[in-house]
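Novice: The structure is given below, and queries will be raised subsequently.
The values are calculated or read from the model by the stated rules, or taken from the named source; none is laboratory data. Given the structure is predicted, the values throughout are model-derived calculations rather than measurements. Cβ coordinates were reconstructed from backbone atoms using ideal geometry, including for glycine residues, and neighbour counts include every protein chain displayed.
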Amino acid sequence: MVPLRFPRNLPLPACLVVLICLQFTACNPRPPAPSYEGYGYLLVAPETLLPSVEDLAAYKESKGFLVDTVSLEEILAASPGNDDPEKVRNYLLGYSALTSTREFVLLVGSMDTLPMRIAYPDPNDHGRIVPTDFYYEELTGGWDADSDGFYGEYGDDMSKMTDDYVTELYVGRLPWDETEEILAICDAIISYQEDTSSRMTRTIGAAATIQEPCDAALYVQTAMLTVAAPAGYESITLYEDCPALAPDFELTRDNFLTQWEVHEPGLVSWFSHGFWGATDFISVDEYPQEVKPAVVLTSACTVGAPDAVSVGRVLVREGLAAGFLGGTRSTYFGYNPIPCFTAQFKVGTSLITEQRALADAKRVSIEYLVRHEQVPQNLSGDAFHQDLFGFIIYGDPSVQLR
């Protein structure tokens, strides 16, 4: 293994970040992939889209899932609740009680068709909203404890003092509404899970500068060396302004897109700034062409926005991502980035070393963050809620790496 090299002027917090990451190295033999056979798998879709998911439902059933489908119209007609999201949540609450394991749920449709909960993490700023499906994962919290109609306010509704934030369901979403779009996404999901070629153990790790050169690159480099390499993954790294870590390529738009197309990975991960339509190296108008689907992970702000034609939605629609994990709004890490960065690091560890399903890896990450983040000493309560609520899975929540 090539030794990890540190920049000469690396700040102390970044050094500590790497030391924390090393707690999660793959020092032990890689365990067998967990089986989710016998887990429930519920597909919720508008009546018009239910035929579009029939092949995916049959495929999941062939893999041992206990598959059910239900129309959104049926839920809204029969389930109690003050509004449509609450009716869906109450239905899912009953579904979650059917087995002792966490069930998978796939929501089919955009937020305009199958509603998301609009959360208000800051009780003093109701103009700041976070569309979230976490409302359908975490089923015990007091989302509107003060009954003012503003859900998810930190302190007024929920807090670390009153709620555990442990999720009861594994939730993903297919965030489009046309039959052809849903059919194509389902085909990509099945194709990914059936792919046994060597590309499934190829990965791309990209890191832009967040606050200073090499800060995010240290995390990516550590993950490549201590998680991906021991698991037999072949990695390509692209870093911005970080020659000290000797990336394979400088992170530019041309290099990123070219390497995605040439390397054709099963996993793509990047740290960067962003907005709904683009980062510095990928956009909704320019993305890889004619490549097979991957699992895509990113911490970039807003690239998973459900209320825009965002990068995450486009990657899923175009068949480039069988599973996408990213933020619907801005992401925060406080004065001390270690808890948030390590929580994100655990997603990769759970996926690669432990071979958990994508939604299971998200759960592990969230539970770590809830235990270790200092609120409000390091991260304000509203920022803490925004981080929890904002990360969303598009595509199959049960997708597993090789």
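Novice: Looking at segment 75-86, can you tell me whether even one residue there is closer than 23 Å to residue 317 by Cα and either at pLDDT 95 or above or of a type in the set (Asp, Glu) (or both)?
Specialist: No: zero hits.
Novice: Output the number of the condition that residue 38 fails; it satisfies all remaining conditions of (1) of a type outside the set (Phe, Trp, Tyr); (2) touching a strand residue (DSSP E or B) at 6+ places or on another chain (Cβ under 9 Å); (3) farther than 23 Å from residue 399 by Cβ.
Specialist: The failed condition is (3).
Novice: So residue 241 fits all but one of (1) in a loop (DSSP other than H, G, I, E, B); (2) buried (at least 18 other Cβ atoms within 10 Å of the Cβ); (3) modelled with pLDDT of 95 or more; (4) not aromatic (Phe, Trp, Tyr); what number is the exception?
Specialist: Only one criterion is unmet by residue 241, namely (2).
Novice: Sticking with this one: Does segment 379-390 contain at least one residue that is in the same structural domain as residue 267 (by TED's automatic domain parsing), under 27 Å from residue 232 (Cβ atoms) and at pLDDT 95 or above?
Specialist: no
Novice: Something else: Write out, first by first residue and then by second, each pair whose Cβ atoms fall under 6 Å of each other, whose residues are 6+ apart or on separate chains, and whose first residue, in segment 332-348, is β-branched (Val, Ile, Thr) while the second is surrounded by 20 or more Cβ atoms within 10 Å (Cβ to Cβ) and outside any loop (DSSP other than H, G, I, E, B).
Specialist: That search, which allows pairs on different chains as well, returns 338/17; 347/361; 347/365.
Novice: Filter segment 155-170 down to the residues that are closer than 17 Å to residue 118 by Cβ and crowded, with 23+ Cβ neighbours inside 10 Å and list them by number.
Specialist: Within segment 155-170, 157, 158 qualify.
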